[in-house]
Each structure stands twice: as C-alpha cells, then as structure tokens.
1. Quick check on Ile114: is it of a type in the set (Val, Ile, Thr) and within 14 Å of the chain's Cα centre (by Cα)?
2. Looking at the structure I just gave you, is Ala63 on the phi < 0 side of the Ramachandran plot and within 16 Å of the chain's Cα centre (by Cα)?
3. Mind checking which residues of region 76-111 are open to solvent by less than 40 Å² (accessible area, probe 1.4 Å) and more than 16 Å from the chain's Cα centre (by Cα)?
4. So which residues in region 90-115 are in contact with a helix residue (DSSP H, G or I) (Cβ under 8 Å, 6 or more places away or on another chain) and not in a helix (DSSP H, G or I), if there are any at all?
5. Among the residues of region 5-62, count how many are aliphatic (A, V, I, L, M), open to solvent by 40 Å² or more (accessible area, probe 1.4 Å), at pLDDT 85 or above and in a loop (DSSP other than H, G, I, E, B).
6. Report yes if some residue within region 71-88 is β-branched (Val, Ile, Thr), in a helix (DSSP H, G or I), free of Cβ contacts under 8 Å to residues at least 60 places away in the same chain and over 18 Å from Tyr28 (Cβ atoms); otherwise report no.
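The values are calculated or read from the model by the stated rules, or taken from the named source; none is laboratory data. Since we're looking at a predicted model, the values are computed, not measured. Reconstructed Cβ throughout: ideal geometry from the backbone, glycine too, with neighbour counts over all protein chains shown. SASA here: full protein model, heavy atoms, side chains in, ligands and nucleic acids out. Shrake-Rupley method; radii C 1.70, N 1.55, O 1.52, S 1.80 Å.
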Amino acid sequence: MFKVVLAGALLAFAVPVLAQPTEVADPYGAASISKGRIGKIEAKLEAAYQKGDRSPEVLLNLAAIRLQEKRGSEARDLYKAVLDQPNIDMATLSGGAMSHELAQRGMAGALAMID
C-alpha cells in the first residue's frame, strides 16, 4: 500500500514538471527574425505599432525586419524612436543589452544601407 501512495505522490510532483514549456517565450519574435522567418511576426509587430505600441521591443524588432527587407530609412526612423526614449535593460538572444546600445548598432547598419 505504501508503494502505491509513494508512486502517486511522485507522479503528482512530476506532472507539473512535464507541463512546463520546453521553449522560452518569444512574444516579439527575436528568434524568428534572427532566422529570417519574418512573415507572421512582422504582421504582429506592425499591428502593435499601428495600435500605438512604441515599446523598445516592438521598435527594435520591427527595425531589424526593415533592415532585412533593405528598407534602411524606415529602420533608421524606428531606431531613432528608441533613442528618444529612456535607455532600458533588454533581454536579448545572446544575453542582456541596453536599448540605446541595440538601437545605435542597428542605426549603423541602417545608415550604411542608406549611403
């Protein structure tokens, strides 16, 4: 009898572990953008932007898409919008970075494309 209860208790603790997501949530599509799969995430980010979302996550990722699409002047404008906001700590695929640092790096790529 004890073995059955113990097994049941172990299963009760194991189920929540199995229910955990296997991937990190990526609501702004950074992983997709880095792999060049921008279709769905571009539509999502563009919709958020059109609704007035000017968060650095939306602006930076939309700008990265614009760079991939060779639309440098649009990317530059999005990066400028990030630089006009307070500098915040961001989580990135490769660790952490500040929003202004990311925007400045992206801006360099956008300016090189425009020139």
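1. When the stated conditions are applied, Ile114 does not pass them.
2. Yes.
3. Selection gives Ala81, Met107, Gly109, Ala110.
4. Met90, Thr92, Leu93, listed by residue number.
5. Total satisfying the criteria: 0.
6. No.
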